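**Q** I have a structure I would like to understand better, so I am pasting it below and will then ask my questions one at a time.
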Amino acid sequence: MNSSLVLLWRQIRHQNAMFWRTPVAAFFTLALPLMFLLLFNVIFGGEEVNGTPFAQFFTPAIATFSAVSATFTNLAIGTALSRDLGILKRVRGTPLPPWIYMGGRIGSGVWIASISVVIMFMLGWLIYDVQILWENIAVMVLVFVIGIATFSAFGLAVAAVVRSGEAVPAVAQAIILPMAFISGIFFDTTNSPAWLELVGNIFPLKHFAALFVDSFNPFLTDPVLGWNHIGVMIAWGIASLIVATRFFIWEPNN
Amino acid sequence: MGAVVVTDLTKRYEHVEAIRGISFEVAPGEVFALLGPNGAGKTTTVEILEGYRARSGGSVEVLGFDPWDGGTPYRDRVGIVLQESGLEAAMTVSEALELYGGMYSNRRDTKELIELVGLEDKASERIRTLSGGQRRRLDLALGLVGDPDLIFLDEPTTGFDPSARRRAWELIKDLTSLGKTIILTTHYLDEAQYLADRIAVLSAGKIVAEGTPSELGANAGESTITFLLPGSVGRGDLPSLGSTVDVEGATVSISSADPTQDLHLLTNWAVDRGVSLEQIQVRRPTLEDVYLEIVDEGGNGQ
Ligand SMILES: Nc1ncnc2c1ncn2[C@@H]1O[C@H](COP(=O)(O)OP(=O)(O)OP(=O)(O)O)[C@@H](O)[C@H]1O
Ligand SMILES: [Mg+2]
């Protein structure tokens, strides 16, 4: 089993190297959310909520989005592209267990998501005085881990169901952008129509963002871990995992 | 016992009956070549043996495994060069060999493999910068990186320049001297002739001929005598030889079951008439002639 871990580690490093050597991927995953962060601050300027800068709330929301880009979007598109190129087919002809290959992709996505989120908070702290609430750190990390696990599985499920590598980027964006809008990532949704609230509640992003933002909310004194939120995420994670393992194909579809 | 035993194999795709009941055996250490026109079912057969595709009927055993559920232990012992497959363009040649080599329990040295396929100059270049033939050579190296007992080569030398092809042939010959079993598909008949111990010709999903290269050649019977028709004689002046005589432009070709006899008659006739038979030659049928003949028959038969 030791050797499985070695193989997994090599795959993670390999996927990671490929990511950094593909500047477009690196740009969309890392730079784009940072641009959002800067733009938001231009728009909301020095607004404050009871003396706390507004950035304390939108920084974790955008960090959620960047974590989702690094896992969901990155995995869906990257896996489908590699499949189209016949890379997955080649891998399938080696003794590398499939789960280790996928584990490598997920591991690298998680690593990039972590980097992205850390950069975001560093910037938030430096420029906008965003504070990490250290008493909530355990909750924050737990939410982050469950969130990226869910969205990794979701990304692979999309690559499993959509077989054409050309269609996957469009499908992935068509899923994640509307979801971000109704999930309170870019603006507060408490005043939106009830049905839209409801739709937002069905999908996992709103729950991920809500919990993550809550763990940065200095006004919440009660335990911030909402089990219903966690429940929805885990349900999506498991459902995605089932879809991904059930329908995934390794050969190009042509 | 055979390294590969295929019995009554069939494969249907949605609209095509790609393999229609084929059987063959490959002994350990043997080089077995599958020939046949485009769409004959070579890749389908090989990919069933590799464990990529499920069969519709029949049985398949490779190194004692059923490839379809052989999993990791099976793939650890075979090397696969697919007709088409991709590689991460951002990797370098030696990184690819390191990464893929690390997946096998036995592995061959990266540097040694790079030399073997002649990519020394490209070892630390990104794969995206390789030419088509160079990529194919890397494919070949990757097929060998796990030091496999059995190697599948689906059109391995397509896109190679003549010297790279020669080199690949020597490489494959060397593998057989190490006792490796090789299953090869190719469209190059000289390749099959040079490398294969046994050849099966597939046509429309059936094996239409099988044997050693010389057996296949021997069955093909007739030799061909060609020469240029002397300007002073017409076609009707030629002696009757009891063989088929074709005249195309000035070139006469005679399909002869008994070339010694026919040649004798022809030259006597020419000497008597005082004409010379320019560019006269006798040609034994090549594997290519045999192949074309077999495949034509197979094609008519469906
Ligand atoms: N995945 C597939 N789905 C449907 N039909 C297929 C599939 N793969 C192959 N076929 C069909 O099966 C037949 C055999 O194809 P195969 O690829 O095995 O031929 P081949 O002998 O390797 O040809 P080539 O020399 O062109 O490589 C063809 O008619 C092809 O169209
Ligand atoms: Mg083929």
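**Q** Considering only residues that are within 16 Å of A:ILE175 (Cα to Cα) and small (Gly, Ala, Ser), which ones fall in the stretch A:190-208?
**A** A:GLY200
**Q** A follow-up question, please. Mind checking which residues of the stretch A:16-54 are assigned to a helix (DSSP H, G or I) and within 14 Å of chain B (Cβ to nearest Cβ)? Working first, answer last.
**A** Narrowing the stretch A:16-54 to residues assigned to a helix (DSSP H, G or I): A:16-20, A:23-44.
Answer for the stretch A:16-54, where residues must be assigned to a helix (DSSP H, G or I) and within 14 Å of chain B (Cβ to nearest Cβ): A:ASN16, A:ALA17, A:MET18, A:PHE19, A:TRP20, A:PRO23, A:VAL24, A:ALA25, A:ALA26.
**Q** Within the stretch A:59-95, work out how many residues are in contact with a Gly (Cβ under 9 Å, 6 or more places away or on another chain) and closer than 30 Å to B:ASP69 by Cβ.
**A** Qualifying residue count for the region: 19.
**Q** Can you list the strands (runs of 3 or more DSSP E) lying wholly within the stretch B:146-255 that have 1 or more residues being open to solvent by 70 Å² or more (accessible area, probe 1.4 Å)? So that I can check it myself, show each step before the final result.
**A** Details: elements: B:150-154, B:181-185, B:198-203, B:206-211, B:223-228, B:244-248.
Result: B:206-211, B:244-248.
**Q** Here's another thing I want to ask about it. Here are the criteria: (1) more than 15 Å from ligand 1 (Cβ to nearest atom); (2) within 13 Å of chain A (Cβ to nearest Cβ). Tell me which single one B:SER59 does not satisfy.
**A** (2)
**Q** Considering only residues that are away from ligand 2 (no atom under 13 Å from the Cβ) and within 14 Å of chain A (Cβ to nearest Cβ), which ones fall in the stretch B:7-48?
**A** If the condition is that a residue be away from ligand 2 (no atom under 13 Å from the Cβ) and within 14 Å of chain A (Cβ to nearest Cβ), then B:TYR13, B:GLU14 are the ones that fit.
**Q** Would you mind stating whether A:ARG13 is over 27 Å from A:ALA170 (Cα atoms) and within 13 Å of chain B (Cβ to nearest Cβ)? Please lay out each step first, then the result.
**A** Working: over 27 Å from A:ALA170 (Cα atoms): yes; within 13 Å of chain B (Cβ to nearest Cβ): yes.
Taking the combined requirement at face value, the residue satisfies it.
**Q** Looking at B:ASP69, is it at pLDDT 95 or above and either over 24 Å from the mean Cα position of the chain (by Cα) or within 11 Å of chain A (Cβ to nearest Cβ) (or both)? Reasoning before the result, please.
**A** Numbers: at pLDDT 95 or above: no; either over 24 Å from the mean Cα position of the chain (by Cα) or within 11 Å of chain A (Cβ to nearest Cβ) (or both): yes.
Here the answer is no, as B:ASP69 does not meet what is asked.
**Q** Do the conditions hold for B:ARG20, that is, is it part of a loop (DSSP other than H, G, I, E, B), of a type in the set (Lys, Arg) and at pLDDT 95 or above? Give the derivation first.
**A** Numbers: part of a loop (DSSP other than H, G, I, E, B): no; of a type in the set (Lys, Arg): yes; at pLDDT 95 or above: yes.
No; evaluated as a whole, the condition is false for this residue.
**Q** Looking at the stretch B:76-87, which of the residues that are open to solvent by 20 Å² or more (accessible area, probe 1.4 Å) and within 20 Å of B:VAL6 (Cβ to Cβ) is nearest to the other protein chains (Cβ to nearest Cβ)? Show your work before the answer.
**A** Of all residues in the stretch B:76-87, those open to solvent by 20 Å² or more (accessible area, probe 1.4 Å) come to B:76-77, B:80, B:83-85.
So of that shortlist, the ones also within 20 Å of B:VAL6 (Cβ to Cβ) come out as B:77, B:80, B:83.
Details: B:ARG77: 9, B:ILE80: 4, B:GLN83: 10 Å.
It comes out as B:ILE80.
**Q** In this structure, is B:ARG107 modelled with pLDDT under 95 and open to solvent by 60 Å² or more (accessible area, probe 1.4 Å)? Working first, answer last.
**A** On the way: modelled with pLDDT under 95: yes; open to solvent by 60 Å² or more (accessible area, probe 1.4 Å): yes.
Spelling it out, B:ARG107 is indeed modelled with pLDDT under 95 and open to solvent by 60 Å² or more (accessible area, probe 1.4 Å).
**Q** Hey, can you tell me all the residues within the stretch B:258-287 that are among the acidic types (Asp, Glu) and touching a residue at least 24 places away in the same chain (Cβ under 8 Å)? Break it down into steps so the answer makes sense when it comes.
**A** To start, the set of residues in the stretch B:258-287 that are among the acidic types (Asp, Glu) comprises B:258, B:262, B:272, B:278.
Across the stretch B:258-287, the qualifying residues are B:ASP262, B:GLU278.
**Q** Identify the residue in the stretch B:16-31 that is closer than 15 Å to B:ILE199 by Cα and within 16 Å of ligand 1 (Cβ to nearest atom) and, among all such residues, is surrounded by the fewest Cβ atoms within 10 Å (Cβ to Cβ).
**A** B:PHE24
**Q** Is at least one residue of the stretch B:172-185 without any contact (Cβ under 8 Å) to a residue 40 or more places away in the chain and in contact with a helix residue (DSSP H, G or I) (Cβ under 6 Å, 6 or more places away or on another chain)? Even if it seems obvious, please write down each step before you answer.
**A** Pass one, the stretch B:172-185, residues without any contact (Cβ under 8 Å) to a residue 40 or more places away in the chain: B:173-175, B:177-178.
The next check asks that each one be in contact with a helix residue (DSSP H, G or I) (Cβ under 6 Å, 6 or more places away or on another chain); those that pass are none.
So far as the stretch B:172-185 goes, no, none of its residues is without any contact (Cβ under 8 Å) to a residue 40 or more places away in the chain and in contact with a helix residue (DSSP H, G or I) (Cβ under 6 Å, 6 or more places away or on another chain).
**Q** Answer yes or no: is there a residue in the stretch B:6-15 that is touching a Lys or Arg at 6+ places or on another chain (Cβ under 7 Å) and away from ligand 1 (no atom under 16 Å from the Cβ).
**A** If we filter the stretch B:6-15 for residues that are touching a Lys or Arg at 6+ places or on another chain (Cβ under 7 Å), which is where we start, we get B:9-11.
Restricting the remaining residues to those that are away from ligand 1 (no atom under 16 Å from the Cβ) gives none.
No, the stretch B:6-15 has no match at all.
**Q** How do the helices (runs of 4 or more DSSP H) wholly within the stretch A:62-155 filter down when requiring 1 or more residues that are away from chain B (no Cβ under 14 Å): which remain? Working first, answer last.
**A** Numbers: elements: A:74-84, A:87-92, A:98-128.
Here the list reads A:74-84, A:98-128.
The values are calculated or read from the model by the stated rules, or taken from the named source; none is laboratory data. Predicted, not measured: the structure shown is a model, and the values here were computed from it. With ideal geometry, Cβ positions are generated from the backbone for all residues, glycine too; neighbour counts draw on all protein chains shown. Each accessible area value is taken on the protein alone, full model and side chains, heavy atoms only, with ligands, DNA and RNA left out. Shrake-Rupley method; radii C 1.70, N 1.55, O 1.52, S 1.80 Å.
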